[in-house]
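Notes to accompany the following structure.
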Amino acid sequence: MKISNIYKCIGAIAAAASITVSCTDDVKFGNAFIEKAPGGTVTLDTVFNSATYTQQFLTALYAKQYYGLPFNNSTGVNSHSPYTGKFDALTDIYHLHWSGTAVFSNYYQNTMNANKTPLMGFTNEMVWEVVRNCILLEENIDKVPGLSDDEKASMIAQEKCIRASRYFDLFMHYGGLPIVTKAYTGSEDMTLPRATVEETVNYMVGLLDEAMPNLLWAYNGNTSETNATQTGRWTKAGAMALKAKILLFAASPMFNADQPYMHQDGTYTDAEGNEKDVNLLWWYGNYDAARWTKARTAFDEFFSALSTNGYYELWQADLTGKTTDQAKSDAYRQAFRMGYISETSKEVLHSTRVATVYGTQGTYCWWSWGGMGTAPTSRNIYSPTEEYVEMFPWKDGMPFDWDKDYAAGKIAGTVSKTTGEVTDPTKGKLFIEYKPVRGGFTKSPSRDPRLYENACVTGQQKTLDWSTGTSSGNIFELWVGGQDASFNVANAEGEITENLTTTYPDGYGQIKYLLGEEFHRKYMHWVVLSLNEMYLMYAEALAQTGDDESAFKQIDIVRKRVGMGGLKSCNPRLFGTYTNENGEKVTVTPEKAHENLLQEILRERACELGLSNNRFFDMIRYKRTDWMTKKLHGLVSYRLKKNSQGKYVRNLRPYIGDDKDNGEAEPNAFEYQRFELNQPAGGRVLWQYEPTDPMVMKYLLSPFPQVELNKGYGLVQNPGW
């Protein structure tokens, strides 16, 4: 008998036919949506003989959706464990500095194989338990007394969305998957091979198409049925967004190309007994522009429905009474923050939550192991890289360019054309612009407001008030010898240390989802689908179908929310006519401008969607193995202070609790140097390879467990593993 672990998951209820449900009369949503209530073990007949138990059965399915922040090491879900690590740490925008994670030991050190568990495990993410229970609900819903036909249809529509989303969770990591269509008991002698990429995509999209007619557009609070306390349920807006995202993913070069990402000789036998090209398990078999058109149509339909039904919108900055640059930047930053963090945000199309809170009660929770400088262990240290920080434009939207901006004195101050020395470091504005006034200076953020929500930087104030959108408090001291970074980046002699399991080891700090006491000990939702991402995905679909001008408009909606100018107008070197270094007029060709647009969409997505897994999946979709192999950097900063001869020299001391207590002004002169990351020793192993090397390319999809392959029920391993 060939029984896989996934069949044990989807066939968990055998002869005893028992299942654990929450035995209460109150079905809760909102913050208490998946709150664990007193419960016991009851039979399937009992569950589906009660409207209340059936509602709670559905609620339990919601509790087993993917949640992207490590929160509990005892859940049995691999991706929940802080010992696993987040996907974005495998890209070029974050680097993890804790050797106790799979990211560090299995991926950075290139020891991953089919006998180890990937970051998204095939059999230990509750995917197959959820799939089975979704099917059980569909098979038994007609037995349930006390539910109207509309209520039954709504519950089935919701489980189909949950099922499709859980399939998509694995599809993004593995490609074609076994398609389960009934609730197996676990006693059958089953053969259930992988489906092709096309079959898996059609299955997910089909579930969503079936669900949409029986879903509410939004839980907008207009009626008791649509009360906003039920936020977290699947909606028609969420289903339409997920469909569009799936089609965009499938149309991307990973699957939609003239050749597979890695070719493998051979065939496999499908569920009907037909022999097929094995490459169809991770590739469509050809490139077809119609796949991009299909994705674009799905986005057209979503935004048409949004125009008709309303409700969802980007969280906008309140600029009332904001007259200073500092106040405006704070307001834009707060709008960006509240858009993803607030459970009342109309920007969020679908989110998940867990039956716990964000704070220190959980030993292994995100907050307790965070890297903000107050954490006792500092193990979740997802350090933003220099490459990531340089993706963020200046605050007006003009692109950041280290070499050009350094020469222009924008980074560290006026640069002597003869000696190359920085002669007036107070004019530097890498992160903060200091403007002299009588008796001192005023300061304001100089970069894209999203930077300060994705990275802690030198000179940034530590508190942003959630209600007023005003920054205050002490500054982050990330210079060598500063209060926060201390000597974790470099020692007093200027030698790079990049210490593990310490705060700010590469000169930057993580801040997203680590946002201060306002959110401590409160629930934290995980954003699955959001309107800002939809605008950027729509822009991509438009560009890929030949409508670059419309793509710019979608991107600019997102940029405008944080006060920046249009992408095209701010980037003449990418999209227009400019004067080069030789004084010659250069016009960018339409073909090059189109290529630049696609790259800029990926950059904008990184700035807008940091630490949300999107950079990782963009790397997969576009086969950007160069993001895996390029050496990454940090930033070592030095505080400068005038000596008795009037020259600026390094000062390796804190300001807070030291010079500040003596009445000195806040530091405003700095020296910056980029350095190559070297942890683990020598850097990530893949940095030694070319992007097209099979050793690198294989990481675009995860390995199926060898123990599952050995059972011979139909799994075929992904290439290279």
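The values are calculated or read from the model by the stated rules, or taken from the named source; none is laboratory data. Owing to the predicted nature of the structure, the values given are computational and were not obtained by experimental measurement. Cβ placement follows ideal geometry from the backbone for every residue including glycine, while neighbour counts extend to all protein chains displayed. Only protein heavy atoms, including side chains, enter the accessible area calculation; ligands, DNA and RNA are left aside. Shrake-Rupley method; radii C 1.70, N 1.55, O 1.52, S 1.80 Å.
Here the chain is treated with +1 on each Lys and Arg Cβ and -1 on each Asp and Glu Cβ, and its dipole about the Cα centre works out to around 1320 debye. Here's the picture: charge each Lys and Arg Cβ at +1 and each Asp and Glu Cβ at -1 in the chain, and of A244, Q544, H95 the one pushed furthest to the positive end of that dipole is H95.
Projecting the Cα atoms of G121, F487, L192 onto the charge dipole of the chain, computed from C-beta unit charges around the Cα centre, puts F487 farthest toward the positive end. Computed over all pairs of different Cα atoms, the Kirkwood value for the hydrodynamic radius of the range 162-316 is 17.5 Å. For the range 660-697, which GluC sites (Glu not before Pro) pass both filters: DSSP loop (anything but H, G, I, E, B) and at most 16 other C-beta atoms within 10 Å? Answer in residue order: E664. Quote the accessible area belonging to E343 in square angstrom, nearest 10, computed with a 1.4 Å probe and with ligands, DNA and RNA left uncounted. Approximately 50 Å² of E343 is accessible to the 1.4 Å probe. Towards the positive end of the charge dipole of the chain, with charges on Cβ (+1 Lys, Arg; -1 Asp, Glu), say which of Y83, Y312, A153 has the farthest Cα. The residue sitting farthest along the positive end of the dipole is Y83.
Treating the angle as unsigned and between 0 and 90°, give the value, to the nearest 10°, between the Cα long axis of helix 197-211 and the longest Cα principal axis of the chain. With rounding to tens, the tilt is 80 degrees. A protection proxy built from the mean count of other Cβ atoms within 10 Å ranks the segments 584-591, 629-636, 331-338, most packed first, as 331-338, 629-636, 584-591.
Measuring between alpha carbons in the structure, the pairs from K429/K630; K623/K711; K243/K346; K243/K568; K404/K642; K86/K429 lying more than 23 angstrom apart are K429/K630; K623/K711; K243/K568; K404/K642; K86/K429.
Taking Cα atoms, how many degrees apart are the long axis of helix 531-544 and the longest axis of the chain, rounded to 10 and kept between 0 and 90? With both axes taken from Cα atoms, the answer is about 90 degrees. Report note on the peptides 504-511, 527-534: ranked by the mean count of other C-beta atoms within 10 Å, highest first, their order is 504-511, 527-534.
Take the alpha carbon gyration tensor of the range 245-285, find the square roots of its eigenvalues, order them as a ≥ b ≥ c, and report rounded if a/c is under 1.5; if not, report prolate when a/b exceeds b/c, else oblate. It comes out oblate by the Cα gyration axes.
Rounded if a/c is under 1.5, else prolate if a/b beats b/c, else oblate: with a ≥ b ≥ c from the C-alpha gyration tensor eigenvalues square-rooted, which is the range 399-472? The shape class here is oblate.
Spin-label pair I557-D209: with each label point 7 Å from Cα along the Cα-Cβ axis, the two points sit 2.5 nm from one another. Pairs of Lys residues in the range 90-183 that lie 8 or more places apart, or on two chains, and have C-alpha atoms under 19 angstrom apart add up to 6. If the viscosity is 1.306 mPa s and the temperature 10 °C, what translational diffusion coefficient in µm²/s does Stokes-Einstein give for the range 506-660 when Rh comes from Kirkwood over Cα pairs? D, rounded to a whole number, is 81 µm²/s. Between 0 and 90 degrees, the angle of helix 289-309 with respect to the longest Cα principal axis of the chain falls at about 90 degrees. Note the full-extension length gain between S472 and D401 as 0.36 nm times their separation in residues minus their Cα-Cα distance, in nm to one decimal. Working it through step by step, the gained length comes to 22.7 nm.
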